[in-house]
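Written below as structure tokens is the structure these notes are about.
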Amino acid sequence: MRCLIVDDEPLAHDVILAYMADVPFLENAGQCYRATEALDFLSRQPIDLIFLDIRMPKLSGLDFLRTLPQQPLVIIASAYEEHALESFELDVCDYLLKPFRFDRFLKAANRALATYTLRKQAATPALTPQSTSALEPTHTYIKTDKKLVQVNLNEVYFLESLGNYVKVWEKERFLLTARTLSSFESQLSGDTFVRVHKSYILNRKFVHYIEGNTIHLQNGKQLPLGKNYKHVVKQL
């Protein structure tokens, strides 16, 4: 994975570069000391993974992420833990609290690699509608509470992101699993499941009606419709 370091502290660059040298699937593609520099860098060449600080002059790391039309994978590296929840709401892969050891860095890198691999698989040439429906999975296994639970996808109403965890909601109950919403998005059929918010993927067959920015489901639950997902209304 081609990596970009965005941090205003030179020491942070040295640490990440030293750790990166011992991870064979990571390649240093560039270094920026301001988020504004990173905007220019990304406009000139593609990046797979960003190691990103939060508190930087002029433009913070999180505000920088909000400006990106297409976000690469991101691992936050910050000395301040209070930004973790907001970071995960922006779909970052992991949150490294400075100072961090190599084993923690490697865990974050492996997590990013897993998501990167899933995205690559999802980007393979699409099947025709006929073959897609024929091969569309009806069941999956979800790891929860040290068990692998078989789930009928036709009975899943929606999936809700909680940072590095996801609630898989059926009609009356949910299963909690240690995965990201993006990993599910690449696995689930686009014909049945639709992302309607940065924190929600919806099974379209359970929609009752849409009113304003709220999606009402047949079981009485309500989901927000994200402003960046307005086009989904036409799909639904």
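The values are calculated or read from the model by the stated rules, or taken from the named source; none is laboratory data. Keep in mind that what you see is a predicted model, and the values were worked out from it rather than measured. So basically every Cβ, Gly included, is an ideal-geometry build from the backbone, and we count neighbours across all protein chains shown. Surface areas here come from the heavy atoms of the whole protein model, side chains and all, with no ligands, DNA or RNA. Shrake-Rupley method; radii C 1.70, N 1.55, O 1.52, S 1.80 Å.
Does any residue of segment 14-30 turn out to be of a type in the set (S, T, N, Q) and closer than 26 Å to Thr117 by Cα? Yes, some residue in segment 14-30 is of a type in the set (S, T, N, Q) and closer than 26 Å to Thr117 by Cα.
Is it the case that Lys205 is over 26 Å from Glu86 (Cβ atoms) and open to solvent by 70 Å² or more (accessible area, probe 1.4 Å)? Answer is yes for this residue.
Would you check if Phe105 is at pLDDT 90 or above and either in a helix (DSSP H, G or I) or surrounded by fewer than 18 Cβ atoms within 10 Å (Cβ to Cβ) (or both)? Let's see the steps before the verdict.
Values: at pLDDT 90 or above: yes; either in a helix (DSSP H, G or I) or surrounded by fewer than 18 Cβ atoms within 10 Å (Cβ to Cβ) (or both): yes.
For Phe105, the condition - at pLDDT 90 or above and either in a helix (DSSP H, G or I) or surrounded by fewer than 18 Cβ atoms within 10 Å (Cβ to Cβ) (or both) - is met.
Look at (1) of a type in the set (Val, Ile, Thr); (2) within 17 Å of the chain's Cα centre (by Cα); (3) crowded, with 17+ Cβ neighbours inside 10 Å and you find that Thr67 fails only one, number (3). Go through the residues of segment 62-74 one by one and say whether even a single one is modelled with pLDDT of 90 or more and within 17 Å of Leu17 (Cα to Cα). Scanning segment 62-74, I find at least one residue that is modelled with pLDDT of 90 or more and within 17 Å of Leu17 (Cα to Cα), so the answer is yes.
Applying the selection to segment 86-99, what residues are in contact (Cβ under 8 Å) with a residue 60 or more places away in the chain and farther than 11 Å from Asn164 by Cβ?
Of all residues in segment 86-99, those in contact (Cβ under 8 Å) with a residue 60 or more places away in the chain come to 88-91, 93-94, 98-99.
Of everything in segment 86-99, those that are in contact (Cβ under 8 Å) with a residue 60 or more places away in the chain and farther than 11 Å from Asn164 by Cβ turn out to be Glu89, Leu90, Lys98, Pro99.
Here Met56 clears all of (1) of a type outside the set (Gly, Ala, Ser); (2) within 25 Å of Arg195 (Cα to Cα); (3) part of a loop (DSSP other than H, G, I, E, B) except the condition numbered (2). Residues that are modelled with pLDDT of 90 or more, open to solvent by 60 Å² or more (accessible area, probe 1.4 Å) and farther than 23 Å from Phe88 by Cα do occur in segment 221-231, at least one of them.
Selection of segment 164-219 for residues being under 19 Å from Arg119 (Cβ atoms), out of contact with any helix residue (DSSP H, G or I) (no Cβ under 9 Å at 6 or more places or on another chain) and of a type in the set (Lys, Arg) yields only Arg179.
What are the residues in segment 19-52 that are assigned to a loop (DSSP other than H, G, I, E, B) and either open to solvent by less than 10 Å² (accessible area, probe 1.4 Å) or among the aliphatic types (A, V, I, L, M) (or both), if any? Spell out how you get there, then give the answer.
Taking segment 19-52 as the starting set, the residues that turn out to be assigned to a loop (DSSP other than H, G, I, E, B) are 21-26, 33-34, 45-48.
Listed by number, the residues that qualify are Ala21, Val23, Leu26, Ile47.
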